[in-house]
Every structure is written in structure tokens, then in C-alpha cells.
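Everything on this sheet refers to the single structure shown next.
The values are calculated or read from the model by the stated rules, or taken from the named source; none is laboratory data. None of the values given here were measured: they were computed from a predicted structure. Because the Cβ atoms are built from the backbone with ideal geometry, glycine has one as well, and the counts that use them run over all protein chains shown.
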Amino acid sequence: MELTLIKIKRQVRKILKRYLPFQNLIEQQQIKTLFNQEILLLKDEHKADNSEQSILFFTTHKCASGYVANILKELIKETRITSIDLGGYFWKIGASKEIIREGHKKAIKPFGYLYAPLRDPDECLTLIDNIENYQIILMLRDPRDVLTSMYFSFGYSHMVPEAQKDVVLTAREKILQQTIDEFVLIETPKLLKKYHDYCQGLLQKPNVLLVKYEDMVTDFNSWLDTLVDFLKFDVNPKIVTKIIHQANFTVEKEDIYSHKRQVLPGDHKRKLISTTIEQLNSEFGEVLDLLGYDR
């Protein structure tokens with residue numbers, strides 16, 4: 001029986017090796033199709049309409065960043081602004097940090113584009129000249145809940161592109177050997193730096209709108225009104241109505257394998273032990289006060 005299973009596994013591996021080049025070609029073609037605008041822009045071959053001021057959407061992972069990016073794409077539909085997802089493209093192709101930084105430096109332009117989402121200030125915030133020339137939306141979430149959500153997402157549900165497969169699966173295996181409390185404390189310095197960079201680099205600028213994840217999931221209509229009022233173009237009310245009707249933050253049962261695991265604020269209080277929470281409160285104290293989160 002054991003020998004039979006070994007033979008079957010060998011045959012499966014042979015078949016997979018035979019078809020792997022075709023799978024790679026298919027994925028490469030899908031990337032070219034999905035990120036056609038990004039590829040052209042990085043080659044300096046995309047021509048934008050210069051009458052519309054570019055929008056930068058800064059955020060972090062686990063702040064509904066993809067969902068809000070899609071809302072912004074809906075809001076610009078009747079403008080000449082082109083939507084660009086540099087992070088998504090670089091993630092799909094497995095780009096190095098050097099390529100990512102150089103790409104952001106080259107591709108971010110003050111007119112004609114929506115850059116959404118931008119999840120890492122290190123990769124682009126310090127590289128943008130004349131940042132006051134952009135419309136900037138900064139969406140953040142209680143960092144303690146971000147860390148809690150990261151554990152379940154990176155450990156169980158986050159998508160795995162082929163170009164990042166070995167890296168992501170190795171990281172996932174490591175995460176699953178940790179408790180959630182161990183994970184959030186290990187990840188704290190990295191996330192704390194992001195929040196400090198955002199708070200110091202963006203919060204006081206007049207062309208920056210700060211919106212919060214918590215407001216979005218508890219009072220979506222008011223949150224959306226704030227977003228629409230900030231943008232420097234008229235949005236068709238029908239588009240706003242459509243977005244409102246499609247919004248749904250209901251989760252019947254928490255599922256660690258689901259991308260939409262749970263949405264309620266304060267999840268760190270339900271998942272972390274008291275000593276971990278106390279340490280996070282201390283580490284993020286200044287950020288929590290600046291952003292108006294209770295300790």
C-alpha cells in the first residue's frame with residue numbers, strides 16, 4: 001500500500017512538472033492583462049489627463065484597504081483619473097524592495113491618477129516630491145486590532161501568488177508555530193514605525209483627510225459622505241447610492257479561513273491576554289492618543 005502511494009505521488013509530481021510552464025505562462029498573461037495600466041506607467045508609456053489632481057490612498061494591511069480602494073475606483077468612474085495599484089502589481093510579480101521603491105518614485109505623478117492602496121510609507125511616502133500637490137486620504141484602524149487581524153490573515157487566509165509562494169508559505173508556517181500574543185508583540189515594532197511615519201508625515205497637512213476603519217463599519221453613510229466631500233470633483237449621486245446599497249459589514253459567524261473573518265472594533269480585547277494588551281497600550285500610547293483611541 002505504501003509503495004503504491006509513493007508511485008502515485010511520483011506520477012503526480014511528473015504531471016505537475018510537465019504542466020508548470022503552461023501555468024506560469026497563464027499567470028504571466030493574467031498579470032499583464034490585470035495590471036496593464038501599471039506596466040505602461042512604469043515604462044513611462046501611459047499618458048494621463050492633467051486636469052485632475054492625483055489621489056493618494058495611504059493605509060495599512062487589515063484596514064479594509066482593498067475594499068476602500070474599490071470604493072475610490074467607483075467614485076472616480078466619471079472622471080478622467082486612472083486607477084493604479086502598484087502594490088498589487090509588485091506583490092504579484094514578487095518584486096524586491098529596491099524595485100518597489102524605484103517603481104513608486106518613477107510612477108507617482110501629481111495629475112491624472114488614483115494610487116490605491118498604498119500600504120507602506122517606507123516604499124513611497126518619503127519619495128514623493130511636493131506632496132502638497134496631491135489629494136491624500138489616510139485610512140487607519142486601531143493598531144491593536146490591526147495586529148490581531150494580521151495574525152489570522154497571514155496565518156490562515158491571505159492569498160498566495162505563485163511568485164511569492166515559497167516566501168508566504170514559509171512565513172505562514174512560522175506564524176502558526178506562534179501564539180497570537182507572541183505574534184503581535186513580534187510585529188509591533190514594524191507596525192509602530194508605519195503609524196509613526198503616517199502620523200508625523202501626513203496628519204498635520206491641510207491636503208490630508210484622516211478616516212477611520214471603525215467609523216466605516218459603524219456609520220458607513222457618514223463615513224462615505226466625509227470621503228466624497230473631500231474629493232475635488234463632483235460624484236454622481238447614483239454612484240454613492242450604489243456603494244451604500246452594496247455595503248455589508250455583517251459576519252454571521254467568525255471564520256479564521258475567511259478574508260472577512262470579523263469586522264467589529266475591539267477584537268484585540270477578545271483575543272489577547274491582559275499583559276499583551278498592556279504592552280501594546282504602552283508601545284502605541286502616543287499613536288493611540290493622536291488618533292483618538294482609548295487605552
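Note on region 107-116: among residues that are more than 15 Å from the chain's Cα centre (by Cα) and not in a helix (DSSP H, G or I), the one that is nearest to residue 36 (Cα to Cα) is 113. Looking at this structure, is residue 245 at negative phi, under 20 Å from the mean Cα position of the chain (by Cα) and not in a loop (DSSP other than H, G, I, E, B)? Against the criterion (at negative phi, under 20 Å from the mean Cα position of the chain (by Cα) and not in a loop (DSSP other than H, G, I, E, B)), residue 245 does not qualify.
Summed over region 48-106, residues that are surrounded by 15 or more Cβ atoms within 10 Å (Cβ to Cβ) and assigned to a loop (DSSP other than H, G, I, E, B) total 15.
Within region 218-234, being assigned to a helix (DSSP H, G or I) and free of Cβ contacts under 8 Å to residues at least 60 places away in the same chain holds for 218, 220, 221, 222, 223, 225, 226, 229.
You will find that of 229, 219, the residue that is acidic (Asp, Glu), surrounded by fewer than 17 Cβ atoms within 10 Å (Cβ to Cβ) and at pLDDT 95 or above is 229 and no other.
Of all the criteria given as (1) farther than 20 Å from residue 187 by Cβ; (2) in a helix (DSSP H, G or I), the one not satisfied by residue 123 is (1). Among the residues making up region 194-214, those that are assigned to a helix (DSSP H, G or I) and either among the β-branched types (Val, Ile, Thr) or in contact (Cβ under 8 Å) with a residue 24 or more places away in the chain (or both) are 194, 195, 196, 197, 198, 199, 201, 213, 214. Against the numbered list (1) of a type in the set (A, V, I, L, M); (2) buried (at least 18 other Cβ atoms within 10 Å of the Cβ); (3) modelled with pLDDT of 90 or more; (4) on the phi < 0 side of the Ramachandran plot, residue 31 comes up short only at (3). The set of residues in region 270-286 that are over 16 Å from residue 152 (Cβ atoms), surrounded by fewer than 17 Cβ atoms within 10 Å (Cβ to Cβ) and of a type outside the set (A, V, I, L, M, F, W, C) comprises 274, 275, 278, 279, 281, 282, 285, 286.
Residue 106 passes all but one of (1) basic (Lys, Arg); (2) free of Cβ contacts under 8 Å to residues at least 60 places away in the same chain; (3) over 25 Å from residue 203 (Cβ atoms); which number fails? (2) is the only condition that residue 106 fails.
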